[in-house]
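The values are calculated or read from the model by the stated rules, or taken from the named source; none is laboratory data. These figures come from a predicted structure and were not determined experimentally. So basically every Cβ, Gly included, is an ideal-geometry build from the backbone, and we count neighbours across all protein chains shown. Ligands, DNA and RNA are stripped out before the accessible areas are found, and what is left, the full protein with its side chains, is counted by its heavy atoms. Shrake-Rupley method; radii C 1.70, N 1.55, O 1.52, S 1.80 Å.
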Amino acid sequence: MSGTKIPRNEIREGATQNVDIEKEGKMEGGVMSLGGGRGGVYVWKAIWENKYYIMGSYIVKDTNVIDYSIPMLGNIDNTPYPEIVFITNGSLHYMYALKFDPAMAAGSQVALKWNVPHTDGSGCTGATLFDFDQDKKNEIVYRDQTQLRIFDGDGQVLPGALFNNVISGTIREYPV
């Protein structure tokens, strides 16, 4: 198998995280990037002798993405595989959660799980994972320019976990 290439004018190099997304004891790479005014994530797997293949990718539908957060990788729904959470800006401002499905064909193993809007003008704030209720599912703590929210693995704000009027300019910061 030779290495596969990222399609031209699509996402390129960017903020990288390593994770054992397949849970087989070897690290894969997850990259959040921009290209052609679009943002997206791709997950790749090293094979041998500097060869790799793309396990899956997700390209944000917005064609005016200016910036993005560093991708956050962790289990938010108690499935065997971690999810990828990231934030972008552009004409749309969303937090995205992507799921990994090893049963899909190589190149198609990453798909959108959910997205929710945010008010972060920079588009590059980070989120934090923490298992508040010790149920083996991480909750997502996120603060944009107007709210602090704690989300469950389905992208729903937990009861009592929405705090309004948290007004602040943002850029490359985390809620903790």
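Details
- As a summary of the residue check, LYS45 satisfies the conditions (1) at pLDDT 85 or above; (2) more than 19 Å from ILE171 (Cα to Cα); (3) buried (at least 17 other Cβ atoms within 10 Å of the Cβ) except for the one numbered (1).
- Qualifying residue in the range 58-68 (condition: among the hydroxyl-bearing types (Ser, Thr, Tyr), modelled with pLDDT of 85 or more and over 20 Å from ARG143 (Cβ atoms)): yes
- Residue check: CYS124 meets all listed conditions (1) modelled with pLDDT of 90 or more; (2) touching a Lys or Arg at 6+ places or on another chain (Cβ under 6 Å) but one, namely (1).
- Wholly within the range 54-167, strands (runs of 3 or more DSSP E) carrying at least 2 residues that are open to solvent by less than 10 Å² (accessible area, probe 1.4 Å), under 19 Å from MET32 (Cα atoms) and touching a residue at least 40 places away in the same chain (Cβ under 8 Å): 83-88, 94-100, 139-143
- Positions within the range 104-129 being touching an Asp or Glu at 6+ places or on another chain (Cβ under 6 Å) and among the hydrophobic types (A, V, I, L, M, F, W, C), in sequence order: CYS124
- Only one of the listed residues (THR146, THR170, THR125) is of a type in the set (Ser, Thr, Tyr) and within 16 Å of the chain's Cα centre (by Cα). That residue is THR125.
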